[in-house]
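**Student:** Would you mind keeping the following structure in view while I ask a few things?
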Amino acid sequence: MTQPTHSDDSQYTKSGVSSRGGESALSGILKHVLPTRTFNTKNPLAADIGYFANVIDMGNGTGIAFGTDGVGSKIIVAEMMNRYNTIGIDCVAMNVNDVICVGARPVSMVDYIACSHTDPEIFSALGEGLAEGARQAEISISGGEISQIREIITGVDLVGACIGVVPIDRINTGKDVQPGDLIVGLASTGVHSNGLTLARRTLLGDTIEKQRESVHKFEPRLGTTLGDELLKPTQIYVRPVMEMLESDIRIKALVHITSGGFGNLNRVEADNIRFVIDPIPTCPPVFDFIQDCGEIEDTEMYEVFNMGIGFCVVVEGAGDAEKVAAICKKHQINSWPIGQVEAHLGKETILPGKNLVCRKQTFSKI
């Protein structure tokens with residue numbers, strides 16, 4: 001349960017995503033939900049709420065990891081393009097990429113489709129994407145639910161929930177991260193499934209009508225249409241990360257870079273550390289294009305988008321970083337050494353090349 005933070009005058013707020021409202025809503029839920037962790041003493045939670053996924057202690061040294069996420073307003077782009085066969089990959093990706101952060105192997109997933117109509121062709125395309133995502137993540141789709149709620153929703157919404165398995169003594173929440181550790185960034189395929197409200201408003205127009213007109217426009221800077229760029233499926237990192245976990249690499253933390261950007265590094269359990277992102281990898285063209293079109297400040301870009309890095313692996317030494325890079329290359333995912341961990345009072349992430357600092361998940365100028 002996390003919510004990105006944005007100032008009231010940000011472009012994201014103007015596009016319709018209220019951070020303060022989201023934070024208040026989350027607080028309202030958590031005051032009731034947090035006490036429930038004591039309700040089941042036989043199978044206690046093995047981690048705190050607020051990390052990428054949680055783990056239930058099932059006894060005998062076995063943990064069941066679980067998480068849930070959806071594709072957000074990216075499905076609006078799918079609707080505008082009338083192409084739904086990749087959005088299921090995004091749904092799988094957003095779930096399994098969170099579950100692997102605790103060191104778990106994803107096992108199975110269920111989907112929930114809320115809709116105002118049940119067009120067989122659309123649902124077949126959604127199933128096609130879910131199946132392809134499952135293939136890439138090496139999981140099953142074990143069930144799901146279709147809810148026709150025309151009074152509440154217009155169109156289709158897609159959400160999932162995923163479980164995985166992890167030995168209790170191998171749960172990773174970043175508690176062992178320490179100064180001197182190195183950060184390896186794994187490339188994203190583009191915007192992924194975060195910040196689409198801002199990306200659509202910036203690239204396509206400030207109304208749905210304008211967006212429908214612009215979505216098929218070819219953009220030379222991107223080498224594709226705007227809609228095709230925004231629909232690029234989210235990268236699934238399961239296979240390379242599982243290979244890393246099964247190797248002798250000394251992994252300190254696994255971090256999914258979603259909303260909050262590099263600020264997600266601050267979610268690790270360790271304290272009194274600073275993540276220094278330097279050098280910052282060159283961004284894919286889509287992010288520069290979004291920033292130019294919307295005249296968006298660096299603080300907001302790095303707070304809303306992944307900026308070309310979809311996952312981070314924090315390791316102990318240079319040899320470990322080299323092994324991570326070799327595994328990524330094997331799985332045809334670009335990766336770069338993007339920084340290191342320093343001692344610091346409290347916890348923060350800094351980007352010296354951009355003069356940015358992030359405390360919790362809020363970016364500001366240094």
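The values are calculated or read from the model by the stated rules, or taken from the named source; none is laboratory data. Because the structure is a prediction, the values reported are computed rather than measured. A quick note on method: Cβ atoms are made from the backbone with ideal geometry, for glycine too, and the neighbour counts reach across all protein chains shown.
**Student:** Return yes or no: is Tyr84 within 20 Å of Asn194 (Cβ to Cβ), part of a loop (DSSP other than H, G, I, E, B) and more than 17 Å from the chain's Cα centre (by Cα)?
**Tutor:** yes
**Student:** Ok, one more. Test each condition in (1) modelled with pLDDT of 95 or more; (2) at positive phi for Gly50 and report the one that comes out false.
**Tutor:** Result: Gly50 passes all but (1).
**Student:** Just a yes or no: is a residue in the stretch 66-76 closer than 18 Å to Ile113 by Cα and free of Cβ contacts under 8 Å to residues at least 60 places away in the same chain?
**Tutor:** Our first condition is that a residue be closer than 18 Å to Ile113 by Cα; within the stretch 66-76, this holds for 67-76.
With free of Cβ contacts under 8 Å to residues at least 60 places away in the same chain added as a condition, the list becomes none.
No, that holds for no residue.
**Student:** So if I check each of Val286, Val255, Val324, Val313, which one is touching a Leu at 6+ places or on another chain (Cβ under 9 Å) and over 13 Å from Leu186 (Cβ atoms)? Give the steps one after another, and end with the answer.
**Tutor:** On the way: Val255 fails: over 13 Å from Leu186 (Cβ atoms); Val324 fails: over 13 Å from Leu186 (Cβ atoms); Val313 fails: over 13 Å from Leu186 (Cβ atoms).
Exactly one of Val286, Val255, Val324, Val313 is touching a Leu at 6+ places or on another chain (Cβ under 9 Å) and over 13 Å from Leu186 (Cβ atoms), namely Val286.
**Student:** Could you check the stretch 157-181 and list, in sequence order, the residues that are in a strand (DSSP E or B) and within 21 Å of the chain's Cα centre (by Cα)?
**Tutor:** Correct list: Asp157, Leu158, Val159, Gly160, Ala161, Cys162, Ile163, Gly164, Val165, Val166.
**Student:** Oh, and also: Quick one: which residue in Gly160, Gly59 is touching a residue at least 40 places away in the same chain (Cβ under 8 Å) and either closer than 30 Å to Thr36 by Cβ or touching a His at 6+ places or on another chain (Cβ under 9 Å) (or both)? Quick ask: steps written out before the conclusion?
**Tutor:** Values: Gly59 fails: touching a residue at least 40 places away in the same chain (Cβ under 8 Å).
Going through Gly160, Gly59 in turn, the sole match is Gly160.
**Student:** Can Cys101 be described as among the hydrophobic types (A, V, I, L, M, F, W, C), closer than 22 Å to Gly310 by Cβ and in contact with a His (Cβ under 6 Å, 6 or more places away or on another chain)? Break it down stepwise before answering.
**Tutor:** Working: among the hydrophobic types (A, V, I, L, M, F, W, C): yes; closer than 22 Å to Gly310 by Cβ: yes; in contact with a His (Cβ under 6 Å, 6 or more places away or on another chain): yes.
In short, yes.
**Student:** Quick one: in the stretch 126-148, of everything that is of a type in the set (A, V, I, L, M, F, W, C) and either modelled with pLDDT under 95 or under 23 Å from the mean Cα position of the chain (by Cα) (or both), which residue is surrounded by the fewest Cβ atoms within 10 Å (Cβ to Cβ)?
**Tutor:** Among those that are of a type in the set (A, V, I, L, M, F, W, C) and either modelled with pLDDT under 95 or under 23 Å from the mean Cα position of the chain (by Cα) (or both), it is Ala131.
**Student:** Since Met242 meets every condition but one in (1) assigned to a helix (DSSP H, G or I); (2) buried (at least 23 other Cβ atoms within 10 Å of the Cβ), which condition does it not meet?
**Tutor:** Condition (2) is where Met242 drops out.
**Student:** Here's a follow-up. Is there a residue in the stretch 89-112 that is on the phi > 0 side of the Ramachandran plot and touching a residue at least 24 places away in the same chain (Cβ under 8 Å)? Spell out the reasoning first.
**Tutor:** So in the stretch 89-112, the residues on the phi > 0 side of the Ramachandran plot come out as 103.
With touching a residue at least 24 places away in the same chain (Cβ under 8 Å) added as a condition, the list becomes 103.
Yes, there is a match, as at least one residue in the stretch 89-112 is on the phi > 0 side of the Ramachandran plot and touching a residue at least 24 places away in the same chain (Cβ under 8 Å).
**Student:** Return yes when Phe275 is buried (at least 20 other Cβ atoms within 10 Å of the Cβ) and in a strand (DSSP E or B) and no when it is not. I'd like the intermediate steps shown before the answer.
**Tutor:** Details: buried (at least 20 other Cβ atoms within 10 Å of the Cβ): yes; in a strand (DSSP E or B): yes.
So Phe275 fits the description; yes.
One line per residue, one yes/no per condition, for (1) touching a residue at least 60 places away in the same chain (Cβ under 8 Å); (2) surrounded by fewer than 19 Cβ atoms within 10 Å (Cβ to Cβ):
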{"position": "Ile296", "(1), (2)": "yes, no"}
{"position": "Phe305", "(1), (2)": "yes, no"}
{"position": "Ile309", "(1), (2)": "yes, no"}
{"position": "Glu316", "(1), (2)": "yes, yes"}
{"position": "Lys329", "(1), (2)": "no, yes"}
{"position": "Ile333", "(1), (2)": "yes, no"}
{"position": "His344", "(1), (2)": "yes, yes"}
{"position": "Thr349", "(1), (2)": "yes, no"}
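**Student:** Can you name the residue in the stretch 190-231 that is in a helix (DSSP H, G or I), β-branched (Val, Ile, Thr) and out of contact with any Ser or Thr (no Cβ under 7 Å at 6 or more places or on another chain) and is also nearest to Ile87 (Cα to Cα) among such residues?
**Tutor:** Going through the qualifying residues, I end up with Ile208.
**Student:** Yes or no: Gly164 surrounded by 15 or more Cβ atoms within 10 Å (Cβ to Cβ) and touching a helix residue (DSSP H, G or I) at 6+ places or on another chain (Cβ under 8 Å)?
**Tutor:** On the way: surrounded by 15 or more Cβ atoms within 10 Å (Cβ to Cβ): yes; touching a helix residue (DSSP H, G or I) at 6+ places or on another chain (Cβ under 8 Å): yes.
Considered against the rule, which asks whether it is surrounded by 15 or more Cβ atoms within 10 Å (Cβ to Cβ) and touching a helix residue (DSSP H, G or I) at 6+ places or on another chain (Cβ under 8 Å), Gly164 comes out as yes.
**Student:** Which fully enclosed helices (runs of 4 or more DSSP H) of the stretch 278-335 have 1 or more residues being within 21 Å of Pro352 (Cα to Cα)? Spell out the reasoning first.
**Tutor:** Working: elements: 285-294, 298-304, 318-330.
Helices (runs of 4 or more DSSP H) meeting the threshold: 285-294, 298-304.
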